[in-house]
């Protein structure tokens, strides 16, 4: 029987939730990196024992951690198990060096002036689909870095910031590359999303990038509502069988594109609010998507105090509320952009974490939900591994 | 020998218990102590001072002999009592909420 491993990043450490394919009885390990902010933990698709974690702190900055045994032990890359054997052996990793390529340049600041780029932290790590030693890191201030040595060293793909980076502007949460999608059918195509820069695509492995924001409308955030860049894209998602179809949760609006981002169409339909953060796609139904509506940009909690996942089986427009097992009164948590994921089993499992520290799981495509854990620190990210 | 005291999270990161004893070549300054510390524990690079600029991170403080050395020039010689190990050199996470 398969094993499901849910990797949870929180405000005060990482947790690993494990169950068999029935997804009823869960074991919990952690906190890993206790007391540190864990923005993201993700496993390699080609080596599920290989995990990467982004560990950071307002005091001590950025650390990259790596596990080669599914999260039982961790090292900063560059500190091999052999190097660490015996007393007196210390971690030798220096994997936290994220230096912008060339002159750092400037971007738009809150007051409209230009402000120098400054590295703050890694928001998201996306391991390669083919090589466990290759991964991409989306960072704040917004940029993308790549490692090809298992996280020991990182180099910026600086072409992204040439895509009108001087017009990108931080939102309330900062200015970061928070989403990286690798095209499983074209290894040279990568999508990223930036708050608040928009969505971007490379077709040459990361050397050059172009904005893909046509069709986005941001009348309350931008002086030019359909500007080429500057939109506050919260999340994009794709199904591996149709990587040219993308779904987007923007600051306001849920959208889709059927041509790799060349043109977007709003599909918010009958959602009670089209503001929100995460969006994800069913593992086996490319037109089935999930969002968690949030009341507004001013009030980051579910409408009416009811935590509802909304599912569309038609790729948008028509949405149904999924409430079975979720709190339907007095619930005022948020679900952050990287805090929803799906497993690969049939029926498909859906998982999401809240700023109140709950991680909910559904083993039936969203029809019913159960809390796996209730009292973690605020959840920043949720990823799922489906192990044979 | 200089005795360096690390904050809790950096002790865990570097996997050390208690103080870090360091032999510092040449004049014992804040900069020289940090050089020796990072040479022995490369995992600490970037956590106390920035990569490249070597500027102290904003929420890091240096204390010695009941004095705040955080804003002293990095090449200022440390007190003799720190250099001879009678007093420790403390690297501290600044008071801040969270």
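One table, with the values for the structure above:
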quantity: Per-region count, the range B:49-98, residues touching a residue at least 12 places away in the same chain (Cβ under 8 Å), at the interface with chain A (Cβ under 10 Å from one of its Cβ atoms) and on the phi > 0 side of the Ramachandran plot; calculated: 0
quantity: Residue in the range A:27-37 that is buried (at least 21 other Cβ atoms within 10 Å of the Cβ), assigned to a loop (DSSP other than H, G, I, E, B) and at the interface with chain B (Cβ under 10 Å from one of its Cβ atoms) present; calculated: yes
quantity: Total residues in the range A:89-134, condition assigned to a loop (DSSP other than H, G, I, E, B) and within 14 Å of chain B (Cβ to nearest Cβ); calculated: 20
quantity: Single residue of the range B:15-42 satisfying the filter (within 11 Å of chain A (Cβ to nearest Cβ) and touching a helix residue (DSSP H, G or I) at 6+ places or on another chain (Cβ under 6 Å)) that is surrounded by the most Cβ atoms within 10 Å (Cβ to Cβ); calculated: B:41
quantity: Flag if residue B:5 is more than 14 Å from chain A (Cβ to nearest Cβ), touching a residue at least 12 places away in the same chain (Cβ under 8 Å), under 30 Å from residue A:153 (Cβ atoms) and within 11 Å of the chain's Cα centre (by Cα); calculated: no
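Only the coordinates and a few stated rules stand behind these numbers; no lab work does. No experiment lies behind these values; they were computed from the predicted model shown. All Cβ positions, glycine included, derive from the backbone under ideal geometry; neighbour counts span all protein chains shown.
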